[in-house]
């Protein structure tokens, strides 16, 4: 999966699934995120219940498979984290979305599958996963009111406590300060955070649909590996993802990823060394700002020419 050799990955999954079935491994045993749910049952023509038992980012990454699933299934119901319900119920291929809870889903179905198993069940290819956007921000209200023609960038620097290697001390971002750039914090400051090294505004919001609408108005999202990474990528927004040395399998080894074609990856070369990553980002940002500024000047010239000739 790290090498994006999906055909080989599915061969290995076939072998492991056959071994589990032969060993009599039952469904729905143990903690939710470790449960084996799908056992190879046919999805074609079935009423399929998709269970979202992992993280918010995992759901956002793999909900892309609802559309190809619906092409073969009779009905697709997604049992999803309540925070994502307004976004997921609008995804192509989803007939019905229900809020996830600790009980049993109150819906009839023929076969159930965990959302991260959909890629395997559908024999996903690189072409299948590269289709973005598959989320729409229309259901939320943006917190950003753009009254300045400058460049607006959103920043996410803190990952979950379960993997603090992914987080970056805010003080390290001083080199990315750029004239003409408006910085917006996409998560709230806590007592553990140092003050930002440049002027910022707070666009943080607990409601994910509003977050989606807000980031859709930004020129760039600069983020560590969090739920925001997948939200921005699924919306096909310009996104720079800063990764720790031993990052998750899904990010491969290159500076681009087939999962999100509008995303660029910046990687630690040495474990714990964010300074070099920030330096690389600062260099890329200077180029990004110059390019955006030139594009806007060119558009102004085109509009002025049209007005003179009309």
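Structure notes:
- For the peptides 168-181, 213-226, the ranking by packing is 213-226, 168-181, with the highest mean count of neighbouring Cβ atoms within 10 Å listed first.
- Here is the size of the stretch 70-164 from its Cα atoms: Rg then Dmax, 17.6, 53 Å.
- Cα-based helix-to-principal-axis angle, 6-22 vs the chain, degrees rounded to 10: 30 degrees
- Calculated over the stretch 151-305, the projected area of the Cα convex hull averaged across directions stands at 9.8 nm².
- Computed from the C-alpha gyration tensor, the three semi-axes of the ellipsoid equivalent to the stretch 1-135 are 21, 19, 14 Å, from longest to shortest.
- In summary, the convex hull built on the alpha carbon positions of the chain has an orientation-averaged projected area of 19.1 nm².
- For the listed peptides 133-144, 91-102, 9-20, a ranking on the average number of other beta carbons within 10 Å per residue, highest first, reads 133-144, 91-102, 9-20.
- Peptide ranges 31-41, 272-282 listed from the most packed, as the mean C-beta count within 10 angstrom indicates: 272-282, 31-41
Just so you know, all these numbers are worked out from the coordinates, no wet-lab data involved. Model, not experiment: these values are computed from the prediction. Methodologically, a virtual Cβ is constructed for each residue, glycine included, from the backbone with ideal geometry; neighbour enumeration extends over all protein chains shown.
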